[in-house]
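Heads up, the thing below is written out as structure tokens.
A short reminder: the numbers here are calculations on the coordinates, not readings from a lab. Bear in mind that the values here come from a model prediction, so they are computed numbers and not experimental data. In this analysis, Cβ positions are derived from the backbone assuming ideal geometry, glycine residues included, and neighbour counts consider all displayed protein chains.
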Amino acid sequence: MDVSSRVLSELASREAALDAQIEAARAQAQETVEAAQAQAASILRDAEARVKAMQAEQDLQLEREVQQIREQATSAAHEQAQATRARAEAKLGQAVDTIMRAVLP
């Protein structure tokens with residue numbers, strides 16, 4: 001029986017060692033998962049910050065383009081108004097000449 005007791009004691013000791021190894025592996029796996037989750041969260045925050053920066057740059061570029069289009073449209077409108085005024089003044093001058101010729105002999 002002494003041999004049986006030693007064998008059982010050895011088996012119990014090995015089982016306890018295996019349980020400790022399993023528990024250590026679980027703890028290490030949990031730490032690895034937590035580290036991976038933290039890294040994923042960091043990557044996600046970084047990606048979100050990049051997206052916001054890219055969106056801000058895109059908005060700024062769009063605002064610049066809109067401003068440029070407005071300036072071009074305003075300039076074109078001023079040029080058209082000036083050309084229309086010049087034509088109207090020329091026609092007014094012609095009308096005055098026509099009236100003066102008709103009235104004065």
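A few remarks follow.
- Two-site label geometry, A95 and R14: point separation in nm, points 7 Å out along Cα→Cβ: 11.7 nm
- Under a model in which nothing but the beta-carbon of Lys, Arg (+1) and Asp, Glu (-1) is charged, segment 1-41 shows a dipole of about 60 debye around its Cα centre.
- The Cβ shell under 11 Å around A25 holds other residues with a net charge of -2, Lys and Arg each +1, Asp and Glu each -1.
- Cβ-Cβ FRET estimate between Q58 and R26, R0 fixed at 41 Å, reported to 0.05: 0.30
- Charges were assigned to the Cβ only: +1 to each Lys and Arg, -1 to each Asp and Glu. The resulting dipole of the chain about its Cα centre is roughly 1080 debye.
- Averaging 1/r over every pair of different alpha carbons in segment 1-80 and inverting the result gives a Kirkwood radius of 19.2 Å.
- Per-residue ellipticity at 222 nm from helix content only, as computed over the chain with -39500 (n - 2.57) for each DSSP H run of at least four residues, stands at -37500 deg cm²/dmol.
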